[in-house]
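Trainee: Sharing a structure below in structure tokens format, with a few things to ask.
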Amino acid sequence: GAVVSQHPSRVICKSGTSVKIECRSLDFQATTMFWYRQFPKQSLMLMATSNEGSKATYEQGVEKDKFLINHASLTLSTLTVTSAHPEDSSFYICSSRGLAGGTDTQYFGPGTRLTVL
Amino acid sequence: QKEVEQNSGPLSVPEGAIASLNCTYSDRGSQSFFWYRQYSGKSPELIMSIYSNGDKEDGRFTAQLNKASQYVSLLIRDSQPSDSATYLCAVSSNAGNMLTFGGGTRLMVKP
């Protein structure tokens, strides 16, 4: 399957700081990337859809000024959690839309666990 | 609102048995269906995709789709303890487009 990387894998920060998470598709060009958030024992919730060269589309209830998404190239999308607070602590996962083995689907990165103290 | 429903489990099966995981969806316009496996603390891993009615087999996994009943299932034959994980059903109106996930079913395979 396709390879998607995320960095960092784990981050602990103080309340009020900003955290940037990178998502890279390593072996294919991803015109569309997705950002999800998963709280403990819950399913994935889509936060936003990121298209290369255009503004991200945010899901209802997701603050676009708090969760800044940049998709500057076909292989890189970044999510910045601005002024993070403890309630932002979660598992953030990106996925890339791509063709692999003839199948157009989404491939997930390994996730970033954010803990805000 | 598009919904994907799964029994949260846990579903407990003995090693070597067949595990049957079920999923229903509300959007009749759905075209693409996926099963992901997620181990605790890890991100989802794609197991199977299915797009047309009927069965699709891949090794020990068989996905079944019935669009008339809006039902998709995953069978795991010869279940192994390493299959113990949460299985997520995901549905999309177009392949690769936005996915709607079910809540997941936790599977426990006991040695």
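Trainee: Cysteines of chain A lacking any other cysteine beta carbon under 4.7 Å?
Mentor: Isolated Cys, chain A: A:C13.
Trainee: Further question on the same structure: Relative contact order for the range B:7-75 using alpha-carbon pairs under 8 Å, separation at least 6, rounded to a whole percent?
Mentor: Working: 96 pairs, mean separation 21.2, N = 69.
Contact order relative to length: 31 percent.
Trainee: Treating only the Cβ atoms of Lys and Arg (+1) and Asp and Glu (-1) as charged, compute the dipole magnitude of chain A about its Cα centre; round to the nearest 20 debye.
Mentor: Details: 11 positive and 9 negative charges, 56 e Å.
My answer is approximately 260 debye.
Trainee: Follow-up question, since we're still on this one. At a Förster distance of 41 Å, what's the computed FRET efficiency of B:S82 paired with A:Q29, Cβ-Cβ distance as r, to 0.05? Mind dumping the intermediate values first?
Mentor: Numbers: r = 33 Å, r/R0 = 0.81.
With a Förster radius of 41 Å, E is 0.80.
Trainee: Report, in cubic angstrom per residue, the convex hull volume of the C-alpha atoms of the protein assembly as shown.
Mentor: Values: hull volume 27.2 nm³, N = 228.
Normalising the Cα hull of the protein assembly as shown by residue number yields 119 Å³.
Trainee: So what's the net charge close to B:V109: Lys and Arg +1, Asp and Glu -1, counting the other residues with Cβ under 13 Å from its Cβ? Could the numbers behind the result be given before it?
Mentor: Working: positive: B:R37, B:R60, B:R77, B:R106, B:K110; negative: B:E15, B:D78, B:D83.
Charge balance near B:V109 sits at +2.
Trainee: Using DSSP to define loop residues, name the trypsin sites (Lys or Arg not before Pro) in the range A:1-64 whose beta-carbon has at most 16 other beta-carbon atoms within 10 Å.
Mentor: On the way: sites: A:R10, A:K14, A:K20, A:R24, A:R37, A:K41, A:K55, A:K64; in loops: A:K14, A:K41, A:K55, A:K64.
Answer by residue number: A:K14, A:K41, A:K55, A:K64.
Trainee: On alpha carbon coordinates alone, what is the Rg over Rh value for the range A:27-80, Rh being the Kirkwood radius?
Mentor: Values: Rg = 11.6 Å, Rh = 11.6 Å.
Using Cα coordinates only, the ratio equals 0.99.
Trainee: Also: Just flag the trypsin sites (Lys or Arg not before Pro) in the range B:1-51 sitting in loop per DSSP whose Cβ has no more than 15 other Cβ atoms within 10 Å. Write out the running numbers ahead of the final one.
Mentor: Numbers: sites: B:K2, B:R28, B:R37, B:K42; in loops: B:K2, B:R28, B:K42.
Those that pass, being in a loop and sparsely packed, are B:K2, B:R28, B:K42.
Trainee: Let me ask another. First measure r as the distance between the Cβ atoms of B:A68 and A:Q60, then evaluate 1/(1 + (r/R0)^6) with R0 = 41 Å and state the FRET efficiency to the nearest 0.05. Before the final figure, lay out each step's value.
Mentor: Numbers: r = 31 Å, r/R0 = 0.75.
Computed FRET efficiency for B:A68 and A:Q60: 0.85.
Trainee: Please work out the Kirkwood hydrodynamic radius for chain A, using every pair of different C-alpha atoms, and report it in angstroms with one decimal place.
Mentor: Working: mean 1/r = 0.0707 Å⁻¹.
Hydrodynamic radius (Kirkwood, Cα pairs) of chain A is 14.1 Å.
Trainee: For every other residue with a beta carbon closer than 14 angstrom to the beta carbon of A:G61, add +1 if it is Lys or Arg and -1 if Asp or Glu, then tell me the sum.
Mentor: Values: positive: A:R37, A:K64, A:K66; negative: A:E59, A:E63, A:D65, A:E87, A:D88.
Charge balance in the 14 Å sphere: -2.
Trainee: Using 7 Å Cα-to-Cβ label points, what is the B:S12/A:C13 separation (nm, one decimal)?
Mentor: With each label point 7 Å from Cα toward Cβ, the separation is 4.2 nm.
Any read-out appearing in this document is the output of simple, stated calculations on the displayed coordinates, not a laboratory observation. Keep in mind that what you see is a predicted model, and the values were worked out from it rather than measured. Note: ideal-geometry Cβ built from the backbone for every residue, glycine included; neighbour counts use all protein chains shown.
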